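Single-structure report; data block below.
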Amino acid sequence: SGGATAATATAAAGPIGGVPKPFPGMFQFLMGRALAGAHVHAHGAAWNVLVHGEKRWFLFPPETPQHIAVVLRAAGLEPKFGLPALEWFRTEYQVLKRSRIAPLEVIQRPGDVIWVPEKWGHAVINLKPSVGFAMEIGFSS
């Protein structure tokens, strides 16, 4: 997660033409300009490697999403899924960081690997033009 996805390769859910599945998930090549990123979302577990640039990650434990809407509405904001990352940061994040459900935050630099556990909500903003890759490990329903 965390930038314009330039290329994606997805493994099939089972054997491909009798050949065993190469990996149980989705590989992504990521690159994006400064201040680009990904809105809050969740999926199967994933590791994210940064090759170039710098990213700011916002992580929410699995039990958090149902509380986000309550906190935002109490502050007079209607939650908007899919907001561009920078708009989310300028609006919803400002409310959440002052609440009891503020996200965990980390800065990722070249060579760092971020592990996002399954079902953890997360958003990311590129602090500098960034290049990296990610591997989602399986998908849950």
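Filter the trypsin sites (Lys or Arg not before Pro) in the range 92-141 to those in DSSP coil with at most 12 other Cβ atoms within 10 Å of their Cβ, and list the result.
Here the trypsin sites (Lys or Arg not before Pro) that fit, given the DSSP loop and packing criteria, are 98, 100.
Give me the 1.4 Å probe accessible area per residue for the range 42-141, excluding ligands and nucleic acids, in Å².
Spelled out: the 1.4 Å probe surface of the range 42-141, per residue, equals 52 Å².
If you keep only loop residues by DSSP, which chymotrypsin sites (Phe, Trp or Tyr not before Pro) in the range 42-141 have at most 14 other Cβ atoms within 10 Å of their Cβ?
Values: sites: 47, 57, 58, 81, 88, 89, 93, 115, 120, 133, 139; in loops: 81, 120, 139.
Listed in order of number, the matching sites are 81, 139.
With the full set of protein chains in place, find how many percent of the accessible area of the range 57-99 is carbon and sulfur; take the probe as 1.4 Å.
59 percent
What does the accessible area of residue 67 come to, in Å² to the nearest 10, when a probe of 1.4 Å is used?
70 Å²
For residue 25, enumerate residues with amide H under 5 Å from its amide H, sequence gap 5+ or separate chain, H modeled in the peptide plane.
Residues meeting the amide H criterion: 11, 138.
Please report the relative contact order for the range 25-125, taking Cα pairs under 8 Å with a sequence separation of at least 6, and give it as a percent rounded to a whole number.
55 percent
In the range 24-91, what trypsin sites (Lys or Arg not before Pro) fall in a loop by DSSP, with at most 16 other Cβ atoms inside 10 Å?
Loop-located and lightly packed - 33, 80.
The values are calculated or read from the model by the stated rules, or taken from the named source; none is laboratory data. On a predicted model such as this, the values are computed, not experimentally measured, just so you know. Cβ sites come from the backbone with ideal geometry, for glycine too, and all protein chains shown count toward neighbours. With ligands, DNA and RNA removed, areas are computed over all heavy atoms of the protein, side chains included. Shrake-Rupley method; radii C 1.70, N 1.55, O 1.52, S 1.80 Å.
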